[in-house]
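J.: This is the structure I want to talk about, given as structure tokens.
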Amino acid sequence: MDTSEQLYEQDATGWRRGLYDDVKRTFRAPIVNWIFRTAVANAPAFTRYAWGQVKPLFETRGFARVSVRYRDAVRSSLDLPTYRRAETGVSPAEFAELRGQLATFDVVAPRLAVLFETMDRALHADHDPTPTDERWATRPYPDWLDRERGSPPTMVDTPPEDLAETVDSLRAFHGFEGDLPSIYRCLAQWPTFLDTLWTDLEPVFEGDGFDEACERSSEVVDEFVSNAPYRPRLAPDDLRALGMGDDAIEGVQGLFRQFNTGPVETVLPALPALAATVDASGERSLG
């Protein structure tokens, strides 16, 4: 699978554009994440089928519980700095945009975590959930939660030179060798703020609290996926029945295994923390 190939939203037509609309509506975020753009570009028929298999998980109150518990697991583990607009070095309009874009990443973090874990297990025939016998497990997702919170993220292709030291530190912390993840290419639009933010956050993220945040948020995801109310049919035998060959199956297995391990294990928990520094984080309980 060529992970450099992506189908961007503005280039998508027909059912592909409709699928992107559905992903945004279901994820409650104005963004089609890289994983979808890459999967649609490389394996469109598989992606259409797989989305139909996993979408119901995100439409339940059970997942709504996960989304707020994931956020709380991160935030309650960390003593985070917070910034008023005057402390960020950006204009009022820029600050509003910064907060809106970070809110989007805050929304998608638990959704991507559940997506990656579910897909990785299911594609390797390692997903045999024990559904929870509770009404909330299959009740509809609440209409109000995370609705219309974020704004579409924009990103720089290459961070400015004066961020070189910060970029190197971010890569080293998360274990990235190539491009920065989207969240930091987004924050690089405001280089002064990113430099200040990482100077303050690096010792926090290097401490035991961030390890706890990663562990606790991972436990929230594991509990949901292990007790999922529905069982997506994505095992290799299911895909062979659809006409997929072994090479194609190995390709999608590798894609989702890649995104369920390694740097993503620290990047996703970082998203609610980053949003919280500018008071752009969402609800931490269903009330």
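J.: Which numbered condition trips up Thr154, out of (1) of a type in the set (Ser, Thr, Tyr); (2) outside any loop (DSSP other than H, G, I, E, B); (3) more than 18 Å from Arg111 (Cβ to Cβ); (4) open to solvent by 20 Å² or more (accessible area, probe 1.4 Å)?
T.: For Thr154, the exception is condition (2).
J.: Restricting to the stretch 28-48, and then to whatever is part of a helix (DSSP H, G or I) and touching an Asp or Glu at 6+ places or on another chain (Cβ under 9 Å), can you tell me which residue is farthest from Gly150 (Cα to Cα)? So that I can check it myself, show each step before the final result.
T.: Initially, the stretch 28-48 is screened for residues part of a helix (DSSP H, G or I), giving 34-42, 44-48.
Going one step further and asking which of them are touching an Asp or Glu at 6+ places or on another chain (Cβ under 9 Å), we end up with 37-38, 41-42.
Numbers: Arg37: 20, Thr38: 23, Ala41: 26, Asn42: 28 Å.
Here the residue is Asn42.
J.: If a residue must be in a helix (DSSP H, G or I) and free of Cβ contacts under 8 Å to residues at least 24 places away in the same chain, how many such residues does the stretch 263-287 contain?
T.: The number of residues fulfilling the criteria is 0.
J.: Quick one: in the stretch 47-65, which of the residues that are open to solvent by 10 Å² or more (accessible area, probe 1.4 Å) and touching a residue at least 60 places away in the same chain (Cβ under 8 Å) is nearest to Arg121 (Cα to Cα)?
T.: Gln53
J.: Filter the stretch 73-132 down to the residues that are hydroxyl-bearing (Ser, Thr, Tyr) and open to solvent by 10 Å² or more (accessible area, probe 1.4 Å) and list them by number.
T.: Ser76, Ser77, Thr82, Tyr83, Ser91, Thr130, Thr132, listed by residue number.
J.: Which one of these is buried (at least 20 other Cβ atoms within 10 Å of the Cβ), without any contact (Cβ under 8 Å) to a residue 60 or more places away in the chain and either part of a helix (DSSP H, G or I) or touching a helix residue (DSSP H, G or I) at 6+ places or on another chain (Cβ under 6 Å) (or both): Leu170, Leu180?
T.: Working: Leu180 fails: either part of a helix (DSSP H, G or I) or touching a helix residue (DSSP H, G or I) at 6+ places or on another chain (Cβ under 6 Å) (or both).
When all the criteria are applied, what remains is Leu170.
J.: Testing Gly178 on (1) modelled with pLDDT of 95 or more; (2) of a type outside the set (Asp, Glu); (3) within 22 Å of the chain's Cα centre (by Cα), one condition comes back false. Which one is that?
T.: (1)
The values are calculated or read from the model by the stated rules, or taken from the named source; none is laboratory data. Remember, predicted model here, so these are calculated numbers, not experimental data. For neighbour counting, all protein chains shown are included, and Cβ atoms are generated from backbone atoms with ideal geometry for every residue, glycine included. Note: areas computed on protein heavy atoms with side chains; ligands, DNA, RNA excluded. Shrake-Rupley method; radii C 1.70, N 1.55, O 1.52, S 1.80 Å.
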